[in-house]
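The values are calculated or read from the model by the stated rules, or taken from the named source; none is laboratory data. Predicted model only: the values in this text are computed from it and were never measured. With ideal geometry, Cβ positions are generated from the backbone for all residues, glycine too; neighbour counts draw on all protein chains shown.
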């Protein structure tokens, strides 16, 4: 076992951290959130140029041949600066599915430009009724003229408002809750009969509700095999969850460090408030939760591409539950210890608080991941085999 | 990053598991059912390990230890804890033994080490006093010089195993000058053959004896039984606290307990099925198991650092707090799993309380101590606040 970063990984971390500090401090996010797009095309192109978008993609399609952990390390640093560009929906989710399932032509047309920062992607899977159940899919794709016609609605699509292409989960057979019968399609963001209803979120990021009212796609827009999309969708959403843990780690770390700094600086009763034991113990517990978030995040990032889906699910769920519960402990206490100023928009801590809360709710909350964990075969296989 | 153990460590784990599979049947039954092991059984287990050459994983080979690297030691400890084998008394093997190896005279090493290893002499620790708990340096047990002896007067408490012990190591006050840490010496006293040492065990809430009180009234200890310099005992004590920090949080024990909670749930009827079919209860187990994974990963990061020869990193300091708190929560869940059987006690008849539940209530009670001993969790939080976060006094 060795959990040190490699030299290359340490270099990536240092480079991104420096870039965030100089080029993308929180003030840039504050400007972006005032715009409609809520992220900046030039910055995205620059990230492509630096190679950050292709870090975990194969070299033969323009990537750098790294693994998911490399992307997670970048995301953690982006999280520290609240960088609003659509790394998770585009690089981690939509792009991953195109790489895994797409033909050479798909990769060349949709992936290579994204890796260069010229385009961006999204993944549309959630529906009003589906909550976190990926099998629950009402959006339909009917075969017509050799291609498909999509009808239905997808909600809270990250980067759905701006994506050039959107990977869409739609039902090609079966009933609402069937595992089988879900297929994945690449749909252009400006396709005819697709309406994008923009919705700005609590965290200042824009998302979209997508309404498909007879959107026609050719047979070349099907990703992978028909009716067999669910396991791939589960993997992509797990990647999203692991990525949320990585970006969330940046938020948790910032909130923790900023709070400790404030405890040393803020004086009441003629002493720094950090000298009070009640607050020291709170800070010690925040430290503990921050470290546990880091431990589980690393584990999830390492195992998210495991060949064994049970291992992937176990580690991603453990990390997501820790980000959601342990991370919450850090963020609620950060605001409490800052006092009234922590509830003002001018103070950055509230921005981290909101982004972190959004990441906690995405791709399954703690209850969802606990329920999923206990349903794994490995959960009780050992004791049942004893009996 | 490399998640996996090196091949030689994987092979070593197999070797340990093979050894455990050969455990005497009576030990195996008790271990499988999460029983408490008596002092006599624990010493018997030490003799079994000693015969294998495995009694002292953290001692150098020249003194009869295994000479294992830190990862082998960890694997060994982990597998034994997970299997719920008797926990060997740490006072000789983990505490005073390594201290003697590092700071003892040649005579002291020859006199004490072989019998610590074999278990022929049982040791206990005399640190805490009624008025010196978390503030240990305020201890008052007097050691006054008289000829070639010290004369000891005062009281120690929480002297775990003193009722069985042949020897006790004590921190005693040999000077009242300077800072309170500076007047302390580290002495070894022969409990069985010294007049004026009296031991009274406490019955714990677990219904077993573990800790006791030890009184010293004009008890004579030769000066040659001092370890390290006079008034240098505090640094001895601190060196001791640094030993084997990675194992203190009960993380491996918790792993064994999680399995046992599932075992209880599987054997607990609920309607037409079992408690292990109940999604609500399964989710409670899952939440704790996920938490335990987080702690285990933190522990592995700490272990990987230790294997590379680094001092314990900041992540190791959280292991005591979150490890023991998780451990306790798992024992609480075991009690919940038992339902009405949680009314029972270790001497309830087996037709009322099955063997796999017999000791749960006792151990649940006793393990309230794990957040208190080894430096209470509040003291650990003080340590984090001051040494890691740099918060002001």
| message | Against the definition (away from chain A (no Cβ under 11 Å), modelled with pLDDT of 90 or more and under 23 Å from residue B:255 (Cβ atoms)), how does residue B:333 come out, yes or no? | response | yes
| task | Scan the range B:260-272 for residues that are within 9 Å of chain A (Cβ to nearest Cβ) and without any contact (Cβ under 8 Å) to a residue 12 or more places away in the chain and jot them down. | result | B:266
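Within the range B:239-250, identify whether any single residue is within 14 Å of chain A (Cβ to nearest Cβ) and crowded, with 17+ Cβ neighbours inside 10 Å, and answer yes or no.
Yes: the range B:239-250 contains one or more residues that are within 14 Å of chain A (Cβ to nearest Cβ) and crowded, with 17+ Cβ neighbours inside 10 Å.
From B:387, B:381, B:368, grab the single residue that is surrounded by fewer than 19 Cβ atoms within 10 Å (Cβ to Cβ), within 14 Å of another protein chain (Cβ to nearest Cβ), in a helix (DSSP H, G or I) and touching a helix residue (DSSP H, G or I) at 6+ places or on another chain (Cβ under 9 Å). Write out each step before concluding.
Values: B:381 fails: surrounded by fewer than 19 Cβ atoms within 10 Å (Cβ to Cβ); B:368 fails: within 14 Å of another protein chain (Cβ to nearest Cβ).
From the options B:387, B:381, B:368, the qualifying one is B:387.
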| task | Please indicate, with yes or no, whether at least one residue in the range B:342-350 is in contact with a helix residue (DSSP H, G or I) (Cβ under 8 Å, 6 or more places away or on another chain), buried (at least 20 other Cβ atoms within 10 Å of the Cβ) and either under 15 Å from residue A:281 (Cα atoms) or away from every other protein chain (no Cβ under 13 Å) (or both). | result | no
| query | Looking at the range B:129-156, which of its residues are buried (at least 20 other Cβ atoms within 10 Å of the Cβ) and in a loop (DSSP other than H, G, I, E, B)? | reply | B:139, B:141
| query | If you check A:243, A:283, which single one turns out to be within 14 Å of chain B (Cβ to nearest Cβ), assigned to a helix (DSSP H, G or I), surrounded by 16 or more Cβ atoms within 10 Å (Cβ to Cβ) and in contact with a helix residue (DSSP H, G or I) (Cβ under 9 Å, 6 or more places away or on another chain)? | reply | A:283
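Criterion first (over 30 Å from residue A:372 (Cβ atoms), at pLDDT 95 or above, not in a strand (DSSP E or B) and not assigned by TED's automatic domain parsing to the domain that holds residue A:38) does residue A:190 satisfy it?
Numbers: over 30 Å from residue A:372 (Cβ atoms): yes; at pLDDT 95 or above: yes; not in a strand (DSSP E or B): yes; not assigned by TED's automatic domain parsing to the domain that holds residue A:38: yes.
Spelling it out, residue A:190 is indeed over 30 Å from residue A:372 (Cβ atoms), at pLDDT 95 or above, not in a strand (DSSP E or B) and not assigned by TED's automatic domain parsing to the domain that holds residue A:38.
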| said: I need a count of the residues in the range B:23-42 that are buried (at least 18 other Cβ atoms within 10 Å of the Cβ) and within 16 Å of residue B:118 (Cβ to Cβ). | reply: 1
| task | Among the candidates A:318, A:366, single out the residue that is within 12 Å of another protein chain (Cβ to nearest Cβ) and under 16 Å from residue A:243 (Cβ atoms). | result | A:318
| field | Residue list for the range B:157-182, filter: in a helix (DSSP H, G or I) and surrounded by fewer than 19 Cβ atoms within 10 Å (Cβ to Cβ) | value | B:180, B:181, B:182
| note | The lone condition residue B:275 fails out of (1) touching a residue at least 40 places away in the same chain (Cβ under 8 Å); (2) facing another protein chain (nearest Cβ under 9 Å); (3) crowded, with 21+ Cβ neighbours inside 10 Å; (4) closer than 18 Å to residue B:338 by Cα is (2)
| residue B:94 passes all but one of (1) buried (at least 19 other Cβ atoms within 10 Å of the Cβ); (2) within 26 Å of residue B:367 (Cα to Cα); (3) within 14 Å of chain A (Cβ to nearest Cβ); which number fails? | (3)
| query | Looking at residue A:329, is it away from every other protein chain (no Cβ under 14 Å), in contact (Cβ under 8 Å) with a residue 12 or more places away in the chain and under 13 Å from residue A:255 (Cβ atoms)? | reply | no
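Would you mind finding the one in A:302, A:335, A:341 that is without any contact (Cβ under 8 Å) to a residue 12 or more places away in the chain and either in a helix (DSSP H, G or I) or within 14 Å of chain B (Cβ to nearest Cβ) (or both)? Please lay out each step first, then the result.
Details: A:302 fails: without any contact (Cβ under 8 Å) to a residue 12 or more places away in the chain; A:335 fails: without any contact (Cβ under 8 Å) to a residue 12 or more places away in the chain.
That would be A:341, the only listed residue that is without any contact (Cβ under 8 Å) to a residue 12 or more places away in the chain and either in a helix (DSSP H, G or I) or within 14 Å of chain B (Cβ to nearest Cβ) (or both).
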| task | Would you confirm whether any residue within the range A:92-102 is part of a loop (DSSP other than H, G, I, E, B), in contact with a helix residue (DSSP H, G or I) (Cβ under 8 Å, 6 or more places away or on another chain) and assigned by TED's automatic domain parsing to the domain that holds residue A:35? | result | yes
| message | Just checking, does the range B:205-224 include any residue being more than 14 Å from chain A (Cβ to nearest Cβ), assigned to a helix (DSSP H, G or I) and at pLDDT 95 or above? | response | yes
| said: If I ask for residues that are over 17 Å from residue B:253 (Cα atoms) and facing chain A (nearest Cβ under 9 Å), which ones from the range B:288-316 would you list? | reply: B:301, B:304, B:305, B:307, B:308, B:314, B:315
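For the structure I just gave you, tell me whether residue A:255 is buried (at least 23 other Cβ atoms within 10 Å of the Cβ), over 29 Å from residue A:235 (Cβ atoms) and more than 10 Å from chain B (Cβ to nearest Cβ).
Numbers: buried (at least 23 other Cβ atoms within 10 Å of the Cβ): yes; over 29 Å from residue A:235 (Cβ atoms): yes; more than 10 Å from chain B (Cβ to nearest Cβ): yes.
For residue A:255, the condition - buried (at least 23 other Cβ atoms within 10 Å of the Cβ), over 29 Å from residue A:235 (Cβ atoms) and more than 10 Å from chain B (Cβ to nearest Cβ) - is met.
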| said: It is to be established whether one or more residues within the range A:50-66 are modelled with pLDDT of 95 or more, surrounded by fewer than 22 Cβ atoms within 10 Å (Cβ to Cβ) and not in a loop (DSSP other than H, G, I, E, B). | reply: yes
| Of (1) in a loop (DSSP other than H, G, I, E, B); (2) surrounded by fewer than 18 Cβ atoms within 10 Å (Cβ to Cβ); (3) in contact (Cβ under 8 Å) with a residue 24 or more places away in the chain, residue B:120 satisfies all except one. Which? | (3)
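May I ask you to verify whether residue A:45 is surrounded by fewer than 18 Cβ atoms within 10 Å (Cβ to Cβ) and assigned to a helix (DSSP H, G or I)? I'd like the intermediate steps shown before the answer.
On the way: surrounded by fewer than 18 Cβ atoms within 10 Å (Cβ to Cβ): yes; assigned to a helix (DSSP H, G or I): yes.
It is true that residue A:45 is surrounded by fewer than 18 Cβ atoms within 10 Å (Cβ to Cβ) and assigned to a helix (DSSP H, G or I).
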